[in-house]
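Student: Mind looking over this structure? Questions follow.
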Amino acid sequence: MKAAVFHGPHKELTIENVDIAKPIGREVLVRTVASGVCHSDLHFIEGLYPFAAPAILGHEAAGIVESVGPHVSEFKPGDHVIACLSVFCGHCEWCLTGRTHLCQSRPVRATTEPPKLTWKGAPVNQFANLSSYAEQMLVHDSGLVKVRDDMPLDRGALIGCGVTTGVGAVLNTARVEPGTTVAVYGTGGVGLAAIQGAVIAGARMIIAVDVHDHKLETAKQLGATHVVNAAKTDAVKAIRELTGPGVDYSFECIGLKKAAEQAFECLRPGGTATIVGMIPVGQKIELDGPSFLREKKVQGCSMGSNRFKVDMPRYVELYRQGRLKLDEMITRRGRLEDVNEAFRAMKAGEVARTVLMFD
């Protein structure tokens, strides 16, 4: 199969012929139909998070089941599925208390088994238990969810990460209440999903913050009631001018130290900041100590605190009802060979999401 191979930080991905193993145990072989290009992958390409090369990146995907291992009963060939990196074991403390997204013993192939992926006879590392920048994925059945056949899989791919992360941060992690005020820092795929999550939650004011006017326009189309260009004005001051004491909830969806600090600063007393973006390894955020006397809170978020086998079919239905807008989040479509251009466009702020199509 063709795959985009990661050779290490600051190097372009190359399109190579990679071998993929047959499914064993509870594994499922999926033909990739669409894969979103997520900002999280860029962190690894830029060396902000370490990952051993060679590897196949990509983790936001949907496809069609081709074959299943002997212990798989949940899926069959022909099923349409969305993949999720929140693969879970089902028996650790986190799984048994309903927090499968925090599973600490995610199932992987035993070292005595042949590798899932090989290139030129040598193993290739699987990224996030998925590796979706490839024509096929070999995934544990706990990393997939079946969806209805009439769900367009390019839109379904977005649900695999960005939508589940952003909407879930609002509904599951922060549990935004109706009638409250929200600020979202960053209007890429995750931020746009968080804005839509706030709409679904019934927030009365949703303030989008970014440095690109065209991305803020998209944010307004998807439900932001107000926008702030942080390149032209002090975002915290602007939010306070709009709200008075600050917002009830804020979401940092970029992975920037400054944005995380501002997400905390723009809160009203009793407010909660949720850090959704991937702050680079080793980087610290600095918060005003006395602000904690006003019961302001900051919390982390992993993949929208998802219960993805339940959440994703619900998001599909919200899309079908017109309450979750996915078409508008796809700025460009491309082929696997366009993956490096997709990352360039992402860094330049030209796109909300690029989706790579395999059909």
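The values are calculated or read from the model by the stated rules, or taken from the named source; none is laboratory data. Everything numeric here is computed off the predicted structure, so don't read it as measured data. Virtual Cβ from ideal backbone geometry, glycine too; neighbours counted across all protein chains shown.
Student: Restricting to segment 326-342, name every residue that is under 20 Å from GLU12 (Cβ atoms) and either part of a helix (DSSP H, G or I) or of a type in the set (D, E, K, R) (or both). Working first, answer last.
Tutor: Here is the first cut: in segment 326-342, the ones under 20 Å from GLU12 (Cβ atoms) are 332, 334-342.
Residues satisfying the conditions are ARG332, ARG335, LEU336, GLU337, ASP338, VAL339, ASN340, GLU341, ALA342.
Student: Name, by its number, the condition in (1) modelled with pLDDT of 95 or more; (2) surrounded by fewer than 16 Cβ atoms within 10 Å (Cβ to Cβ) that does not hold for THR111.
Tutor: That leaves (1) as the condition not met.
Student: For the subset of segment 233-247 comprising residues that are part of a helix (DSSP H, G or I) and either in contact with a strand residue (DSSP E or B) (Cβ under 7 Å, 6 or more places away or on another chain) or of a type in the set (A, V, I, L, M) (or both), which member is nearest to ARG268 (Cα to Cα)?
Tutor: Across segment 233-247, the extreme among qualifying residues is THR243.
Student: Pull out all pairs, ordered by first then second residue, where Cβ-Cβ is under 7 Å, the residues are six or more apart or on different chains, the first lies in segment 326-340 and is under 18 Å from CYS161 (Cα atoms), and the second is of a type in the set (Lys, Arg) and buried (at least 19 other Cβ atoms within 10 Å of the Cβ).
Tutor: LEU326/ARG155; ASP327/ARG155; MET329/ARG353; ILE330/ARG353; THR331/ARG353
Student: Looking only at segment 154-172, which residues are surrounded by fewer than 24 Cβ atoms within 10 Å (Cβ to Cβ) and farther than 18 Å from ALA208 by Cα?
Tutor: ASP154, ARG155, ASN172, listed by residue number.
Student: Residue by residue through segment 228-258, note down the ones that are among the aliphatic types (A, V, I, L, M) and surrounded by fewer than 22 Cβ atoms within 10 Å (Cβ to Cβ).
Tutor: ALA230, ALA231, VAL236, ALA238, LEU242, LEU256
Student: Report, by residue number, each residue of segment 95-139 that is among the aliphatic types (A, V, I, L, M) and outside any loop (DSSP other than H, G, I, E, B).
Tutor: If the condition is that a residue be among the aliphatic types (A, V, I, L, M) and outside any loop (DSSP other than H, G, I, E, B), then LEU96, LEU102, LEU117, ALA122, ALA134, MET137, LEU138, VAL139 are the ones that fit.
Conditions tested, residue by residue: (1) part of a strand (DSSP E or B); (2) not hydrophobic (A, V, I, L, M, F, W, C).
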{"position": "VAL310", "(1), (2)": "no, no"}
{"position": "TYR315", "(1), (2)": "no, yes"}
{"position": "TYR319", "(1), (2)": "no, yes"}
{"position": "LEU324", "(1), (2)": "no, no"}
{"position": "ARG344", "(1), (2)": "no, yes"}
{"position": "VAL351", "(1), (2)": "no, no"}
{"position": "LEU356", "(1), (2)": "yes, no"}
{"position": "ASP359", "(1), (2)": "no, yes"}
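Student: Being crowded, with 24+ Cβ neighbours inside 10 Å and more than 30 Å from GLU27 (Cα to Cα) is the requirement here; does GLN196 meet it?
Tutor: yes
Student: Of the residues in segment 307-320, how many are within 10 Å of ILE159 (Cβ to Cβ) and under 15 Å from the mean Cα position of the chain (by Cα)?
Tutor: So the answer is 4.
Student: Okay, next question. I'd like to know if segment 162-183 contains one or more residues that are under 30 Å from PRO115 (Cβ atoms), of a type outside the set (S, T, N, Q) and not in a strand (DSSP E or B).
Tutor: Within segment 162-183, one or more residues are under 30 Å from PRO115 (Cβ atoms), of a type outside the set (S, T, N, Q) and not in a strand (DSSP E or B).
Student: In segment 1-46, how many residues are assigned to a loop (DSSP other than H, G, I, E, B) and over 21 Å from the mean Cα position of the chain (by Cα)?
Tutor: Here is the first cut: in segment 1-46, the ones assigned to a loop (DSSP other than H, G, I, E, B) are 1, 7-13, 18, 21-26, 37-38, 46.
Remaining after also requiring over 21 Å from the mean Cα position of the chain (by Cα): 1, 7-8, 10-12, 18, 21-26.
Summing the residues that are assigned to a loop (DSSP other than H, G, I, E, B) and over 21 Å from the mean Cα position of the chain (by Cα) in segment 1-46 gives 13.
Student: Within segment 28-54, count every residue that is in contact with a strand residue (DSSP E or B) (Cβ under 7 Å, 6 or more places away or on another chain) and either crowded, with 23+ Cβ neighbours inside 10 Å or free of Cβ contacts under 8 Å to residues at least 12 places away in the same chain (or both).
Tutor: Matching residues across segment 28-54 total 8.
Student: Considering VAL81, VAL72, VAL68, VAL108, which residue is assigned by TED's automatic domain parsing to the domain that holds ILE330 and within 17 Å of the chain's Cα centre (by Cα)?
Tutor: VAL81
Student: I would also like to ask the following. Within the bounds of segment 256-264, is there any residue that is under 24 Å from the mean Cα position of the chain (by Cα) and not in a helix (DSSP H, G or I)?
Tutor: Within segment 256-264, one or more residues are under 24 Å from the mean Cα position of the chain (by Cα) and not in a helix (DSSP H, G or I).
Student: Follow-up question, since we're still on this one. For segment 121-157, name all the residues that are in contact with a Phe, Trp or Tyr (Cβ under 9 Å, 6 or more places away or on another chain), among the aliphatic types (A, V, I, L, M) and under 15 Å from ASN306 (Cβ atoms).
Tutor: Matches in segment 121-157: LEU144, VAL145.
Student: If you don't mind, there's one more thing I want to ask. I need the full set of residues from segment 286-313 which are within 12 Å of GLU252 (Cα to Cα) and either buried (at least 21 other Cβ atoms within 10 Å of the Cβ) or among the hydrophobic types (A, V, I, L, M, F, W, C) (or both), in order please. First the steps, then the outcome.
Tutor: Our first condition is that a residue be within 12 Å of GLU252 (Cα to Cα); within segment 286-313, this holds for 298-301.
The answer is VAL298, CYS301.
Student: Still on this structure, I have one more. Which residue is nearest to PHE358 (Cα to Cα), if the candidates are limited to segment 62-94 and must be of a type in the set (Ser, Thr, Tyr) and part of a loop (DSSP other than H, G, I, E, B)? Quick ask: steps written out before the conclusion?
Tutor: Applying the first criterion (of a type in the set (Ser, Thr, Tyr)) to segment 62-94 yields 67, 73, 86.
Okay, now just the ones that are also part of a loop (DSSP other than H, G, I, E, B), so 73, 86.
Working: SER73: 27, SER86: 23 Å.
Once the filter is applied, the top-ranked residue is SER86.
Student: For segment 259-281, give me each residue that is within 21 Å of LEU102 (Cα to Cα) and surrounded by fewer than 21 Cβ atoms within 10 Å (Cβ to Cβ).
Tutor: Passing the criteria: MET278, ILE279, PRO280, VAL281.
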